[in-house]
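The values are calculated or read from the model by the stated rules, or taken from the named source; none is laboratory data. What you are looking at is a predicted structure, and each value in this text was computed from that prediction instead of being measured. No Cβ is skipped: glycine too gets one built from the backbone with ideal geometry, and neighbour counts run over all protein chains shown.
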Amino acid sequence: MTSFFNEMFHSGRVRPPYARLQDWVAAMPAALRQMKQAEAEELFRRIGITFAVYGEGGDPDRLIPFDMFPRVFTNQEWTRLERGIKQRARALNAFLADVYSRGEIVRAGRIPARLVYCNEAYEKAVAGIRPPKDVYSHIVGIDLVRTGPDDFYVLEDNCRTPSGVSYMLENREIMMRMFPDIFRENRIQPVDGYPEALRRTLASVAPPKCNHEPNVVILTPGHFNSAYYEHSFLADLMGVELVEGQDLFVEGEFVWMRTTEGPRKVDVIYRRIDDSFLDPLCFRPDSMLGIPGLMDVYRSGGVSICSAPGAGVADDKAVYTYVPEMVRFYLGEEPILQNVPTWQCQKSDELKYVLENLGELVVKEVHGSGGYGMLVGPKSTSEQIEAFRHRIIEDPDNYIAQPTLALSTVPTFVEEGVAPRHVDLRPYCLVGERIELVPGGLTRVALRDGSLVVNSSQGGGVKDTWVLAE
Amino acid sequence: MRLAVEHVTLYRYDQPVRAAVQSHRLHPSSFDGQRVEDWQVTVSGGVKGGGFRDGAGDWIQGWTVAGPVSEITVTVTGLVETRDLTGVLRGHREQVSPMAYLRETGPTRADAALAALARSVEADSSLALAHGLAAIVAESIAYAPGKTHAHTTAAEALAMGEGVCQDHAHALIACARDREMPGRYVSGYLLADAEGRPHEAAHAWAELWVDGLGWVGFDPANRCCPDERYIRLGSGFDARDAAPIRGIARSPGEEQMDVRVAVQSVQNAQQ
């Protein structure tokens with residue numbers, strides 16, 4: 001029987017950051033708790049935040065369950081995490097700047113050339129083009145899990161357009177509204193500086209041809225997109241325009257936005273659409289979401305696109321294996337955060353190991369997301385394992401495998417009271433002129449007893465994440 | 001050889017266009033095999049956009065046209081001095097890793113027949129393999145204008161056994177990639193043949209990455225490697241990616257396109 005690290009109760013004691021929460025829970029009878037839970041749900045519903053996190057699909061109008069029991073980090077724990085996250089974000093951006101110019105890491109034999117240059121996410125169209133400040137990934141979402149007091153592992157990196165940050169902000173907002181007392185009793189570092197930090201980050205990567213206060217916009221695929229709420233929420237909080245492709249056009253050397261007072265130049269586009277839809281002249285010719293000519297303006301320094309086209313080559317699950325190597329190669333440092341050991345099924349000896357140990361492993365698609373198309377060996381029936389075995393054998397390149405991690409647990413409100421449930425964490429690291437990280441992130445929780453899958457499409461919920469001040 | 005180019009593309013719209021955007025790969029770069037003496041591109045009613053040299057060494061130039069217009073004319077005139085380097089692209093500055101050109105695209109996907117064709121070539125060197133693939137593509141797809149269209153894939157052209165330079169280039173790229181040899185599509189111009197053999201003045205061929213030589217051009221349509229009769233405009237994964245003009249016009253109506261290309265050998269101006 002695997003033992004799990006419980007972030008509140010450890011070695012028969014309450015860990016210090018959770019000390020005050022024990023009284024808080026004790027003083028909350030079941031009836032009050034149910035009332036509060038209903039109130040929280042009502043608040044979320046009223047705000048309209050019902051989208052699926054991380055583009056998982058599923059019912060867009062379903063509310064993701066919010067668990068009122070917060071997850072707490074000490075300042076000391078967070079300081080180490082913060083250093084590790086920033087280090088990783090720097091290395092990922094250095095890797096991107098490298099593989100789109102001289103490719104030193106490939107020449108040095110530290111990562112296979114094929115993995116980089118034959119990768120679907122590698123954009124030949126931006127090779128040789130240097131984005132402002134050499135930053136490709138301006139918002140790096142790093143998914144972390146914890147297995148012990150000091151043991152954190154990176155599950156995956158998200159260098160394109162990681163979503164879910166609106167949950168981080170709303171979870172805090174609602175907790176503060178419902179339980180103002182515990183925010184007085186605990187010194188919790190604020191997260192509400194995120195929108196301004198994001199705006200500052202985006203403005204700091206204005207293009208070379210911009211000689212005034214940069215005009216930043218958010219480009220959304222539209223209201224049918226599952227994360228549209230987040231797009232409009234961030235636009236509101238940053239005080240910038242939310243636009244769709246049809247609102248923008250290229251004329252001469254610049255991109256312009258249609259407004260009631262006539263065209264207004266756009267300098268920085270925080271895009272929440274994929275590379276392939278950005279510009280039908282450069283990528284998919286059938287794209288109706290993009291702006292014809294955008295890529296020529298971008299590549300000639302007339303507009304900035306965040307994340308930069310081509311950033312996805314750094315967050316591929318097979319490239320992930322090499323991120324610790326990137327940290328050493330570019331920064332000359334040892335990685336502070338560890339990778340989960342990963343077997344690549346495209347390598348025949350590793351494939352053999354994977355097929356022999358399917359019952360203990362987690363197997364994922366290289367380009368998959370959202371907890372779909374994955375096998376959690378210990379939680380699967382032998383029929384499910386055999387069916388998955390055939391899928392892997394048919395297309396081994398498409399799969400990686402990892403050990404089943406003993407994800408830490410945090411107390412969570414359940415039917416019977418409070419019980420431990422498994423969690424992960426996605427902090428959002430901002431990279432521009434500076435690298436910034438608000439103290440917190442999105443904690444996802446597997447609400448089903450014993451489940452290790454935190455994805456909302458698979459019965460996951462969210463929690464407020466606290467980082468205590470000194 | 002000095003080659004004079006005149007290349008006019010006329011777009012006609014049956015209903016006026018409100019706005020048009022184009023991206024041009026229409027500026028030959030200079031390298032050991034060609035030196036650009038003079039080159040002009042104009043777009044009727046056009047505003048010049050941003051221009052830059054991409055990682056493959058091509059100059060890309062954006063243009064926009066503010067409507068309403070019923071016609072857009074893109075006129076290219078230029079003078080290029082060329083040398084025969086037997087297809088070797090020497091002295092061409094570029095940054096993209098050749099490995100990036102191992103990726104297949106829709107038109108260059110090798111189906112079973114293309115793969116079988118590619119694997120039928122036996123060669124003991126990378127250069128011999130490249131020549132062998134170019135020869136077998138030329139044998140398998142007869143030059144026949146009008147049988148294929150802009151969206152025909154390499155697999156379809158091989159199945160028909162007929163095609164034009166675009167189909168030859170796509171098929172050669174597909175075969176090369178199947179043999180793990182990077183291949184890419186090149187668009188350019190070709191001087192009229194004195195013997196009167198059919199050819200296309202707006203031409204296309206393929207470049208294959210040959211160990212020890214780098215990129216080498218192969219023109220299966222004319223069963224040769226590019227020489228001093230060829231002007232190289234630019235490259236890409238396939239015909240669409242390497243297109244000299246990519247454009248979109250906002251018009252509810254139909255577009256008609258007329259292309260006229262003349263390439264002539266001219267005497268040295270001085271003397």
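Is at least one residue of region A:67-77 over 26 Å from A:T342 (Cα atoms) and either within 14 Å of chain B (Cβ to nearest Cβ) or of a type in the set (G, A, S) (or both)?
Step one: list which residues in region A:67-77 are over 26 Å from A:T342 (Cα atoms), which gives A:67-76.
Applying the additional criterion that residues be either within 14 Å of chain B (Cβ to nearest Cβ) or of a type in the set (G, A, S) (or both) yields none.
Checked region A:67-77: no residue is over 26 Å from A:T342 (Cα atoms) and either within 14 Å of chain B (Cβ to nearest Cβ) or of a type in the set (G, A, S) (or both).
Kindly indicate whether any position in region B:44-59 is among the aliphatic types (A, V, I, L, M), more than 14 Å from every other protein chain (Cβ to nearest Cβ) and within 25 Å of A:F254 (Cα to Cα). Looking for residues that are among the aliphatic types (A, V, I, L, M), more than 14 Å from every other protein chain (Cβ to nearest Cβ) and within 25 Å of A:F254 (Cα to Cα), one finds none in region B:44-59, hence no.
Considering only residues that are more than 13 Å from chain A (Cβ to nearest Cβ) and either buried (at least 17 other Cβ atoms within 10 Å of the Cβ) or hydrophobic (A, V, I, L, M, F, W, C) (or both), which ones fall in region B:222-243? Reasoning before the result, please.
Of the residues in region B:222-243, the ones more than 13 Å from chain A (Cβ to nearest Cβ) are B:222-233.
Result: B:N222, B:C224, B:C225, B:P226, B:D227, B:E228, B:R229, B:Y230, B:I231, B:R232, B:L233.
Number of residues in region A:318-333 that are in a helix (DSSP H, G or I) and crowded, with 16+ Cβ neighbours inside 10 Å equals 10.
Within region A:95-114, is even one residue part of a helix (DSSP H, G or I), more than 8 Å from every other protein chain (Cβ to nearest Cβ), farther than 15 Å from A:S304 by Cβ and at pLDDT below 95? No - not one qualifying residue is present in region A:95-114.
Answer yes or no as to whether A:A227 is modelled with pLDDT under 95, buried (at least 19 other Cβ atoms within 10 Å of the Cβ) and not β-branched (V, I, T). Against the criterion (modelled with pLDDT under 95, buried (at least 19 other Cβ atoms within 10 Å of the Cβ) and not β-branched (V, I, T)), A:A227 qualifies.
State yes or no: is B:V21 crowded, with 20+ Cβ neighbours inside 10 Å and in contact with a Phe, Trp or Tyr (Cβ under 6 Å, 6 or more places away or on another chain)? Spell out the reasoning first.
Details: crowded, with 20+ Cβ neighbours inside 10 Å: yes; in contact with a Phe, Trp or Tyr (Cβ under 6 Å, 6 or more places away or on another chain): no.
The answer is no for B:V21.
Checking each residue in region A:115-127 for being at the interface with another protein chain (Cβ under 9 Å from one of its Cβ atoms) and at pLDDT below 95 picks out A:C118, A:N119, A:E120. Restricted to region A:373-399, and to residues there that are within 20 Å of A:K347 (Cα to Cα) and hydrophobic (A, V, I, L, M, F, W, C), the residue that is nearest to the chain's Cα centre (by Cα) is A:M374. In region B:1-43, the qualifying residues are those that are within 17 Å of the chain's Cα centre (by Cα) and among the hydroxyl-bearing types (S, T, Y), and the one that is farthest from B:P68 (Cα to Cα) is B:S30. The residues of region A:147-164 that are under 12 Å from the mean Cα position of the chain (by Cα) and closer than 20 Å to A:V410 by Cβ, listed by number, are A:V154, A:L155, A:G164. For region A:102-132, a residue qualifies if it is surrounded by fewer than 18 Cβ atoms within 10 Å (Cβ to Cβ) and closer than 22 Å to A:S204 by Cα, and exactly one does: A:R130.
Quick check on B:P68: is it farther than 24 Å from A:A125 by Cα, out of contact with any Lys or Arg (no Cβ under 7 Å at 6 or more places or on another chain) and part of a strand (DSSP E or B)? I'd like the intermediate steps shown before the answer.
Values: farther than 24 Å from A:A125 by Cα: yes; out of contact with any Lys or Arg (no Cβ under 7 Å at 6 or more places or on another chain): no; part of a strand (DSSP E or B): yes.
Taking the combined requirement at face value, the residue does not satisfy it.
Results for (1) more than 30 Å from A:Y136 (Cα to Cα); (2) in contact with a Leu (Cβ under 7 Å, 6 or more places away or on another chain); (3) touching a residue at least 60 places away in the same chain (Cβ under 8 Å), shown as yes or no for each residue.
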residue: A:H390; (1), (2), (3): yes, no, no
residue: A:T409; (1), (2), (3): yes, no, yes
residue: A:V414; (1), (2), (3): yes, no, no
residue: A:D449; (1), (2), (3): yes, no, no
residue: A:S456; (1), (2), (3): no, no, yes
residue: A:W466; (1), (2), (3): no, no, yes
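If you take the residues in region B:66-117 that are within 14 Å of chain A (Cβ to nearest Cβ), free of Cβ contacts under 8 Å to residues at least 60 places away in the same chain and surrounded by fewer than 21 Cβ atoms within 10 Å (Cβ to Cβ), which one is nearest to the chain's Cα centre (by Cα)? So, considering only residues that are within 14 Å of chain A (Cβ to nearest Cβ), free of Cβ contacts under 8 Å to residues at least 60 places away in the same chain and surrounded by fewer than 21 Cβ atoms within 10 Å (Cβ to Cβ), the one nearest to the chain's Cα centre (by Cα) is B:E94.
Residue by residue, here is whether (1) within 25 Å of A:E433 (Cα to Cα); (2) modelled with pLDDT of 95 or more; (3) within 21 Å of the chain's Cα centre (by Cα) holds:
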residue: A:M178; (1), (2), (3): no, no, no
residue: A:D192; (1), (2), (3): yes, yes, yes
residue: A:R199; (1), (2), (3): yes, yes, yes
residue: A:S276; (1), (2), (3): no, no, yes
residue: A:G290; (1), (2), (3): no, no, no
residue: A:G293; (1), (2), (3): no, yes, no
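Checked against (1) at the interface with chain B (Cβ under 10 Å from one of its Cβ atoms); (2) on the phi > 0 side of the Ramachandran plot, A:G332 passes all but a single condition, namely (1). Looking across region B:118-136, the residues that are assigned to a helix (DSSP H, G or I), surrounded by fewer than 20 Cβ atoms within 10 Å (Cβ to Cβ) and either free of Cβ contacts under 8 Å to residues at least 24 places away in the same chain or among the small types (G, A, S) (or both) come down to B:S126, B:A128, B:G132, B:A135.
Being more than 21 Å from A:P131 (Cα to Cα) and either in a helix (DSSP H, G or I) or away from chain B (no Cβ under 14 Å) (or both): is that true of A:S232 here?
Details: more than 21 Å from A:P131 (Cα to Cα): yes; either in a helix (DSSP H, G or I) or away from chain B (no Cβ under 14 Å) (or both): yes.
The answer is yes for A:S232.
When region A:441-470 is limited to residues that are touching a Gly at 6+ places or on another chain (Cβ under 6 Å) and either in a loop (DSSP other than H, G, I, E, B) or among the polar types (S, T, N, Q) (or both), the one that is modelled with the lowest pLDDT turns out to be A:S457.
Scanning region A:178-207 for residues that are closer than 23 Å to A:P16 by Cα and among the charged types (D, E, K, R) yields a count of 4.
Just give me the residues in region A:16-39 being under 23 Å from A:R187 (Cβ atoms) and either in contact with a Leu (Cβ under 7 Å, 6 or more places away or on another chain) or in contact (Cβ under 8 Å) with a residue 40 or more places away in the chain (or both), in sequence order. Quick ask: steps written out before the conclusion?
Filtering region A:16-39 down to residues under 23 Å from A:R187 (Cβ atoms) leaves A:16-28, A:36.
A:P16, A:P17, A:Y18, A:R20, A:L21, A:W24, A:V25, A:K36 - these are the residues of region A:16-39 that are under 23 Å from A:R187 (Cβ atoms) and either in contact with a Leu (Cβ under 7 Å, 6 or more places away or on another chain) or in contact (Cβ under 8 Å) with a residue 40 or more places away in the chain (or both).
Only a single item in (1) modelled with pLDDT of 95 or more; (2) under 20 Å from A:A89 (Cβ atoms); (3) away from chain B (no Cβ under 14 Å) is not met by A:Y320, and it is number (1).
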